[in-house]
1. In the range 73-110, how many are at pLDDT 65 or above and closer than 19 Å to residue 21 by Cα?
2. Restricting the first residue to the range 27-48 and requiring it to be touching a residue at least 24 places away in the same chain (Cβ under 8 Å) and on the phi < 0 side of the Ramachandran plot, which pairs with a second residue that is assigned to a strand (DSSP E or B) and among the basic types (Lys, Arg) meet a Cβ separation below 9 Å and a spacing of at least six or different chains?
3. Among the candidates 40, 8, 3, single out the residue that is buried (at least 18 other Cβ atoms within 10 Å of the Cβ), over 10 Å from the mean Cα position of the chain (by Cα) and assigned to a strand (DSSP E or B).
4. Just to be sure before I move on: is residue 6 modelled with pLDDT under 95 and in contact with a Leu (Cβ under 6 Å, 6 or more places away or on another chain) in the structure I sent?
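The values are calculated or read from the model by the stated rules, or taken from the named source; none is laboratory data. Please read all numbers here as calculations on a predicted model, not as lab measurements. Here the Cβ positions follow ideal geometry from the backbone for every residue, glycine too, while neighbour counts run over all protein chains shown.
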Amino acid sequence: MAIAQHPIRVIYDNAIVGGYFADLLVENAVIVEIKAAKAISVEHEAQLLNYLKATQLEVGLVLNFGPKAEFKRMAFDNSRKVRSWLKSASIRVHPRPILISSFCFSYFMI
């Protein structure tokens, strides 16, 4: 199951310091950022890496549907994250999730 525009709180030192909306959260395990640019840029990769650092999630994808469809898989191991705030980090389910079928990802999972 994939949830569109999933809100994620960023917690540091037991205080909420911000939040963001992941374009898609797949199976509560993978953050997917969707772009429509000429190419995947360093900024797109940095955005996804920051999302991974701020959550308990370890895997993310940047999907770009520009002139040429492309993707970038990124991982950030939880063992590299600061343990004190990782335990308090949370992912809250959107009150009205928008479900996206997984058939559109089959191209990228080959």
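1. 4
2. Pairs that qualify, where the first residue is touching a residue at least 24 places away in the same chain (Cβ under 8 Å) and on the phi < 0 side of the Ramachandran plot and the partner is assigned to a strand (DSSP E or B) and among the basic types (Lys, Arg), are 40/72; 44/35; 44/72; 45/72; 48/72.
3. 3
4. Spelling it out, residue 6 is indeed modelled with pLDDT under 95 and in contact with a Leu (Cβ under 6 Å, 6 or more places away or on another chain).
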